[in-house]
């Protein structure tokens, strides 16, 4: 496999630092100087790759999404039964590791800002749609094998994705009633209900 170019590596480094700063300081408090400092480059270098701050943040959200999918590619391409793959998806999205927690904070910032920004709404819609389609594909395969309960796979994917999103936000907000372990139990129970073909799904 050819080695990535220096420019590609530098660009990825800047985007990773942007995600880090968004997660720690928030979208609205993001400063190019902070990104440059974290990446170990000059502000001019950041602007060489990204002309405007919006170009930088949009690319950072894309980078966060791409890295999220990349970390889970092995699950999506696994030969495990669909129900097992859904359980692995749940486990991989629990907000308990530094990398995953950072990604969740980036998404939380995107959602908050998308409420006020049509441009970010479009970005969020695309990311969310792609992720929902991936989960729906796993569910659809499971239904075709007779391993998962019948029902609209997109609706069922929306249920699981929304459950993961909503509960993760509660965990990040420090809810005493929603710990990582409790989130795991709730989400895996939903998957267990899906895998019981003769059980009624919620």
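Apply 1/(1 + (r/R0)^6) to the Cβ-Cβ distance of residue 100 and residue 42, taking R0 = 45 Å, and write down the FRET efficiency to the nearest 0.05.
Plugging the Cβ-Cβ distance into 1/(1 + (r/R0)^6) gives 0.90.
Here the calculated FRET efficiency for residue 73 and residue 192, from their Cβ-Cβ distance with R0 = 30 Å, stands at 0.75, rounded to the nearest 0.05.
Among 57, 52, sorting on how many other beta-carbon atoms sit within 10 Å of each Cβ, with the fewest leading, yields 52, 57. Ranking of 47, 63 by neighbouring Cβ atoms within 10 Å, starting from the fewest: 47, 63. When Rg and Dmax are taken over the Cα atoms of the chain, they come to 18.6, 61 Å. Largest GNM mean-square fluctuation among 103, 16, 144, using the chain with Cα springs under 10 Å: 144. Of the residues 141, 177, 124, which exhibits the maximal mean-square fluctuation in a Gaussian network model of the chain defined by a 10 Å Cα contact cut-off? Among 141, 177, 124, the largest mean-square fluctuation in the Gaussian network model of the chain belongs to 177.
The numbers here are math on the coordinates, done by the rules we state, and not lab data. These figures come from a predicted structure and were not determined experimentally. Here Cβ is always computed from backbone atoms with ideal geometry, including for glycine, and neighbour counts include all displayed protein chains.
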